[in-house]
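**Student:** Supplied in structure tokens, the structure appears directly below.
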Amino acid sequence: MKPDKKGYFDGFGGKFVPETLMVALAELEKEYFAAKKDKLFRREFAAILKNYAGRPTLLYYAKRLTEKLGGAKIYLKREDLLHTGAHKINNTLGQGLLALRMKKPRLIAETGAGQHGVATATVAALFGLKCEIFMGEEDIRRQAINVFKMKILGAKVTPVSSGSKTLKDAMNEAIRDWVTNVASTYYVIGSVAGPHPYPMMVRDFQSVIGREARRQMLAAEGRLPDHVVACVGGGSNAMGIFYSFLKDKTVGLIGVEAAGLGLNTTKHAATLCKGSVGILHGSKSYLLQDPDGQIEIAHSISAGLDYPGVGPEHSYLKEMGRAKYVAVTDKEALEGFKMLTELEGIIPALESSHALYHAVKLAKRLPRNKIILVNLSGRGDKDMDIVRGIF
Amino acid sequence: MNRIDKKFKALKKYGAKAFIAYITAGDPDLSTTENIVLALESSGADIIELGIPFSDPMADGPTIQAASYRALRNKVNLKKIFKMVVHLRRITDIPLVFMTYYNPVFKYGLTSFFRSCAACGVDGVIIPDLPYEEAKELIALGKKHEVATIFLAAPTSTRERIKHIAKVSTGFIYYVSLTGVTGARSKLPPEVIANVKAIKKLTDKPVAVGFGISNPGQAKDIAKVSDGIIVGSAIVRIIGEKKRMIPRISNFAKQMATAIHGI
């Protein structure tokens, strides 16, 4: 069973937080295990995913894209069709229910692209909770629509101007708020990152993606896919779809990181491809850092992948060789974005476009009897301003 | 005997409490840091905490965040700070404690870090994002190299946790006065006094209180029950303002020292 009792995935993970939060993490862990065993909680979570978020999401065969490439079949797991436009809502609904159970009146969250912020603000509105979202100034600029959405949903959006003014700094600020208001506040971490129990808990809440996709794939093709491809920033959508396939040794798992301007430059966010092991935001995992252990600033066209860390379970999957991690540049991601939009009439998020581009490249090399499953983790509405500036 | 233990022993003789001053190493530059250490010592500071700057200081408020940023802009790193300590040790015997986050230490290498601490004359280490559960190796190395491993206790810590913190801490126990990040506060939670008293009942080790303490009145009140007072942001703020830095720091430190010692 991973993680172990201390929250480790064979050397990755753990709890590296100020003493003030240790009791809160222990309480959260206890409450989560109790909820997991509680039939009522599980039923409530399943019901809200179905009736509110719109699960199950479709498994869609991208016929025109497949035919154009002339290789392996490409299937898309349509998380982009969920309420609020991305897989993030799976996790925020789960953690929101947990916050209610723990009688915490206030939610806080960090956000990069704003998808997790919107999903948290949505859940706060739905459950009648107070909500504050921390977001880097740079991300506020490039994801203006999501900022507006959070505000009309009733959340306070607090700009973070320290460091790189992106997701990493938003997370620092959220942790500082949590240390200060720990008694009244539930911290909704948006990825499979942070201290134990978050990586495990977020993975579990997101694992519905892989459970559905596996079943749907068996129904559609009578067999499992040869490859599962997902983008990796912190890594929650990837863990969500990988988890149900971990034991299926014939299924290759591929995480796609952001190569930004290129892996040979300093402007990328390819933590697993180019980073080294260290400690950030509560867990031991791969990081982008300099020789002195200072965290380096990541870069990606997609705010959701613009993070110099990665969830510890991904580091573990990389180290044991169960998953492979590759990287796709800003330019290539835009190509993936364009192809799906033009050939399938589906506008993907820039994050998911990284996974798509890699799937396109892979499909071309593989014979027609192979199957690639791509997690289309979010839709591209939020990225229109960025894309409009380019096309 | 470690310099920290000696200091607390000496103070105890007179019934005085320790004034522990924090500054960020390399803010505004390393040679000024040396001068500030000496100025603090001659103004009555008993122990100096040297902050090793980290890019993502999640337990720090805006004042120390800004200091870390200024230091990192000057490309300060552990190697250079150890060198500075060697230089300082030719002039002063004041106990020096490093306060930093885990990643710079981890990246330097835990064994090398403790070897360097012992060789250069660093007496202790405080790592706020390293709870004792994750610190087995650090505690063992601290013991081996006679470098104090100082752990933090918080208002949210349970009795069980405080017992454990007291057990693994050497030098002193760092009690965090409030739930929050570092930074000067005009008001501190009234339960600090009772909380410190409760901790003192569980351990014979010195307990120093930090976070938020920024004026002599607060320091005096808390020093009545604790063994030491830690002051950081109030000093770092003066450094950040640059103007007449050394005389202003000395003046402030003298007031704090009088409040803390004179009991």
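The values are calculated or read from the model by the stated rules, or taken from the named source; none is laboratory data. Owing to the predicted nature of the structure, the values given are computational and were not obtained by experimental measurement. Note: ideal-geometry Cβ built from the backbone for every residue, glycine included; neighbour counts use all protein chains shown. These area figures cover heavy atoms from the full protein model, side chains too; ligands, DNA and RNA do not enter into them. Shrake-Rupley method; radii C 1.70, N 1.55, O 1.52, S 1.80 Å.
**Student:** Determine whether the range A:133-140 contains at least one residue that is under 18 Å from A:Phe205 (Cα atoms), more than 17 Å from the chain's Cα centre (by Cα) and in a helix (DSSP H, G or I). Show your work before the answer.
**Tutor:** Here is the first cut: in the range A:133-140, the residues under 18 Å from A:Phe205 (Cα atoms) are none.
No, there is no match, as no residue in the range A:133-140 is under 18 Å from A:Phe205 (Cα atoms), more than 17 Å from the chain's Cα centre (by Cα) and in a helix (DSSP H, G or I).
**Student:** On to the next question. Report yes if some residue within the range A:259-271 is away from chain B (no Cβ under 14 Å), farther than 25 Å from B:Asn103 by Cα and among the hydroxyl-bearing types (Ser, Thr, Tyr); otherwise report no.
**Tutor:** Taking every residue of the range A:259-271 in turn, none turns out to be away from chain B (no Cβ under 14 Å), farther than 25 Å from B:Asn103 by Cα and among the hydroxyl-bearing types (Ser, Thr, Tyr).
**Student:** If only one of B:Ala184, B:Ala140 is more than 9 Å from chain A (Cβ to nearest Cβ), without any contact (Cβ under 8 Å) to a residue 24 or more places away in the chain and open to solvent by 10 Å² or more (accessible area, probe 1.4 Å), which one is it?
**Tutor:** Just one listed residue meets the conditions, B:Ala140.
**Student:** I need a count of the residues in the range A:1-34 that are among the β-branched types (Val, Ile, Thr) and closer than 23 Å to A:Gly235 by Cα. Outline the logic, then answer.
**Tutor:** Of the residues in the range A:1-34, the ones among the β-branched types (Val, Ile, Thr) are A:17, A:20, A:23.
Applying the additional criterion that residues be closer than 23 Å to A:Gly235 by Cα yields A:17.
The number of residues fulfilling the criteria is 1.
**Student:** Taking the range B:90-115, which residues are of a type in the set (Ser, Thr, Tyr) and either within 14 Å of chain A (Cβ to nearest Cβ) or in contact with a His (Cβ under 7 Å, 6 or more places away or on another chain) (or both)? Break it down into steps so the answer makes sense when it comes.
**Tutor:** Here is the first cut: in the range B:90-115, the ones of a type in the set (Ser, Thr, Tyr) are B:92, B:100-102, B:108, B:111-112.
Within the range B:90-115, B:Thr100, B:Tyr101, B:Tyr102, B:Tyr108, B:Ser112 meet the criteria.
**Student:** Next up: Which is open to solvent by 10 Å² or more (accessible area, probe 1.4 Å), away from every other protein chain (no Cβ under 14 Å) and not hydrophobic (A, V, I, L, M, F, W, C), of A:Gly240, A:Gly190, A:Gly235, A:Gly222?
**Tutor:** Of the residues listed, the single one that is open to solvent by 10 Å² or more (accessible area, probe 1.4 Å), away from every other protein chain (no Cβ under 14 Å) and not hydrophobic (A, V, I, L, M, F, W, C) is A:Gly222.
**Student:** Does at least one position in the range B:226-238 carry a residue that is more than 27 Å from B:Ser68 (Cα to Cα) and basic (Lys, Arg)? Spell out the reasoning first.
**Tutor:** First pass over the range B:226-238, keeping only residues more than 27 Å from B:Ser68 (Cα to Cα): B:226-227.
Restricting the remaining residues to those that are basic (Lys, Arg) gives none.
No - not one qualifying residue is present in the range B:226-238.
**Student:** Would you point out which residue out of A:Ala121, A:Ala174, A:Ala113 is at pLDDT 95 or above, in contact with a helix residue (DSSP H, G or I) (Cβ under 8 Å, 6 or more places away or on another chain) and either part of a loop (DSSP other than H, G, I, E, B) or open to solvent by less than 10 Å² (accessible area, probe 1.4 Å) (or both)?
**Tutor:** A:Ala121
**Student:** Quick one: count up the residues across the range B:225-256 that are more than 20 Å from B:Lys187 (Cα to Cα), small (Gly, Ala, Ser) and open to solvent by less than 10 Å² (accessible area, probe 1.4 Å).
**Tutor:** 0
**Student:** Looking at the range B:143-162, which of its residues are in contact with a helix residue (DSSP H, G or I) (Cβ under 6 Å, 6 or more places away or on another chain), more than 21 Å from B:Gly232 (Cα to Cα) and away from chain A (no Cβ under 11 Å)?
**Tutor:** B:His145, B:Val147
**Student:** If you don't mind, another one. Quick check on this structure: which one of A:Ala213, A:Ala170, A:Ala230 is within 19 Å of the chain's Cα centre (by Cα) and within 14 Å of chain B (Cβ to nearest Cβ)?
**Tutor:** Answer to the selection: A:Ala170.
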